[in-house]
Amino acid sequence: MVEVSAPGKLYIAGEYAVVETGHPAIIVAVDQFVTVTVEAARKVGSIQSAQYSEMPVRWTRRKGELVLDIRENPFHYILAAIRLTEKYAQEKNILLSFYDLKVTSELDSSNGRKYGLGSSGAVAVATVRALNQFYALNLSQFEIFKIAALANLAVQDNGSCGDIAASCYGGWIAFSTFDHQWLKEQESSKTISELLALDWPGLSIESLHTPEDLRLLIGWTGSPASTSDLVDQVHRSREDKMAAYQQFLEDSTLCVNTMIQGFKENDVALIQEMIRKNRELLRDLSAITGVLIETPALNKLCCLAEQFEGAAKSSGAGGGDCGIVIVDQKSGILPLMSAWEEAEITPLPLHVYHQQKED
Ligand code: MEV
């Protein structure tokens with residue numbers, strides 16, 4: 001039997017801008033996991049997940065027709081990851097077989113609440129990793145990223161795949177996404193092996209070393225929102241405000257690149273300054289698009305953190321979920337933890353997860 005895990009993620013900076021080719025974000029892998037097991041079966045296979053089996057498949061109407069919204073349901077990411085990894089295996093003349101694939105997730109809390117730790121990305125990565133071992137494909141970390149990213153694109157086309165990069169590489173990463181349109185065009189005429197061998201324009205994944213004095217705190221405010229829906233809303237409402245949106249992209253890129261510099265120079269104060277700057281930029285984006293990113297609860301989380309010398313912002317798409325705080329190791333965190341709890345903000349006891357080895 002094969003058993004592999006992939007960690008969840010949290011965005012530190014660069015959200016929304018990172019869905020556009022070449023605009024950077026900083027993302028971190030956290031020690032909550034999706035685990036996939038694969039066991040050989042005879043004649044018929046199965047896919048099982050306790051967490052996801054009761055998840056509703058949402059639907060909407062387009063021109064009156066019922067259309068499934070498959071983007072929030074992890075089963076579709078599992079199926080896409082299987083289909084693409086098996087396509088690659090066939091290209092390598094490997095005989096396909098039957099198996100029972102089982103998924104367990106720590107990224108969803110026990111009562112089914114999502115913490116916004118990126119379960120769909122982690123599930124795609126864990127599935128590709130599991131089949132990589134099951135079929136002895138010998139895929140590199142970068143190739144696993146690329147297959148999981150292709151699986152992600154097959155289900156939803158508006159994400160950056162930053163969650164997948166964090167889940168594949170672990171630790172802190174600087175990430176910018178590839179040209180999605182270019183990849184879709186390539187996909188129509190190329191094999192998976194050919195796609196893996198190509199340089200994907202715009203794609204960059206760089207591991208960051210963290211300053212010793214840097215400490216990351218995470219608070220959860222509940223009421224998660226759909227990331228894909230929020231990205232859709234931002235994209236719809238930017239149409240008639242392109243100049244302001246372009247300015248946001250430029251400012252976000254400058255801010256995140258300065259933050260990356262802060263990591264390289266072990267400068268916690270500079271990283272904190274850029275966290276605050278990025279929070280402002282996301283507020284500007286909300287003003288441009290009318291999409292609420294920093295909810296009143298996230299605002300409370302950030303304001304309390306600022307009172308105790310932390311630099312804070314929403315993490316990910318916002319609209320609920322998590323906020324992150326960067327503090328200097330030397331400042332005490334207990335008063336902030338108590339203040340959060342009084343304000344019904346849940347401190348999440350997560351740690352940064354560093355990859356043990358290349359799987
Ligand atoms: C959501 O976790 C972060 C966004 O930038 C979307 C994405 O990168 O796919 C809003």
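Rounded to the nearest 10 square angstrom, residue 58 shows an accessible area of 100 square angstrom against a 1.4 Å probe. Farthest towards the positive end of the charge dipole of the chain, among the residues 216, 332, 30, is the Cα of 30, using unit charges on the Cβ of Lys, Arg, Asp and Glu.
Each principal axis of the Cα cloud of the stretch 118-239 was taken in turn, and the coordinate range along them, longest first, works out to 43, 42, 25 Å. GNM on the chain, alpha-carbon springs under 10 angstrom: the most fluctuating residue among 35, 60, 289 is 60.
In plain terms, if you count all Cα to Cα distances in the stretch 72-189 and split them into 10 Å steps from zero, the share in each step is 13, 45, 34, 8, 0 percent. Each label was represented as a point 7 Å from its Cα along the Cα-to-Cβ direction; for residue 136 and residue 269 these points are 5.7 nm apart.
Cα extents for the stretch 181-297 along the principal axes, largest to smallest and rounded to whole angstrom: 47, 38, 31. Accessible surface calculations at 1.4 Å, restricted to protein heavy atoms, place the chain at 44 Å² per residue.
So which DSSP H runs in the chain come out at 30 Å plus along the axis (Cα) with average Kyte-Doolittle of at least -1.0? Result, helices passing both filters: 242-264, 268-289. Rolling a 1.4 Å probe over the protein heavy atoms leaves residue 199 with an accessible area of roughly 130 Å². Projected over every direction and averaged, the convex hull enclosing the alpha-carbon atoms of the chain yields 18.5 nm². Determine, at each q value in 0.23, 0.26 (inverse angstroms), the log₁₀ of I(q)/I(0) that the Debye formula gives when each Cα of the stretch 217-277 is one equal point scatterer. Values, matching the q order: -0.95, -0.97. With the simple spin-label model, which puts each label point 7 Å out from Cα in the Cβ direction, the residue 236 to residue 53 separation comes to 3.5 nm. Normalised Debye scattering of the stretch 53-102 at q = 0.15, 0.27, 0.30 Å⁻¹ gives log10 I(q)/I(0) of -0.60, -1.02, -1.13, counting only Cα atoms as equal scatterers and leaving out solvent.
Hey, what number do you get for the chain at 222 nm if only DSSP H runs of n ≥ 4 count, each worth -39500 (n - 2.57), divided across all residues, to the nearest 500?
One gets -13500 deg cm²/dmol as the mean residue ellipticity at 222 nm.
Using a probe radius of 1.4 angstrom, the carbon and sulfur fraction of the accessible surface of the chain is 49%. Here the extension length gained between residue 206 and residue 334 equals 42.8 nm, from 0.36 nm per residue of separation less the Cα-Cα distance. Pair-distance distribution P(r) for the stretch 299-359, from all Cα-Cα distances in 5 Å bins starting at 0: 4, 17, 26, 24, 13, 8, 5, 4, 1 percent. When +1 charges are put on Lys and Arg Cβ atoms and -1 charges on Asp and Glu Cβ atoms, the dipole computed for the chain relative to its Cα centre reaches about 880 debye. Considering only 76, 23, 209, the Gaussian network model of the chain with Cα springs below 10 Å gives its largest mean-square fluctuation to 209. Here the calculated FRET efficiency for residue 94 and residue 198, from their Cβ-Cβ distance with R0 = 35 Å, stands at 0.95, rounded to the nearest 0.05. Loop-located GluC sites (Glu not before Pro) in the stretch 165-260 (DSSP state other than H, G, I, E, B) with a sparse environment of at most 11 neighbouring Cβ atoms within 10 Å: 212. Computed log10 I(q)/I(0) for the stretch 243-296 at 0.15, 0.21 Å⁻¹: -0.45, -0.75, from the Debye equation with unit scatterers placed on every C-alpha and solvent omitted.
The values are calculated or read from the model by the stated rules, or taken from the named source; none is laboratory data. Everything numeric in this text was worked out from a predicted model, so none of it was measured. Cβ coordinates were reconstructed from backbone atoms using ideal geometry, including for glycine residues, and neighbour counts include every protein chain displayed. Protein only, heavy atoms only, side chains kept; ligands, DNA and RNA dropped before computing areas. Shrake-Rupley method; radii C 1.70, N 1.55, O 1.52, S 1.80 Å.
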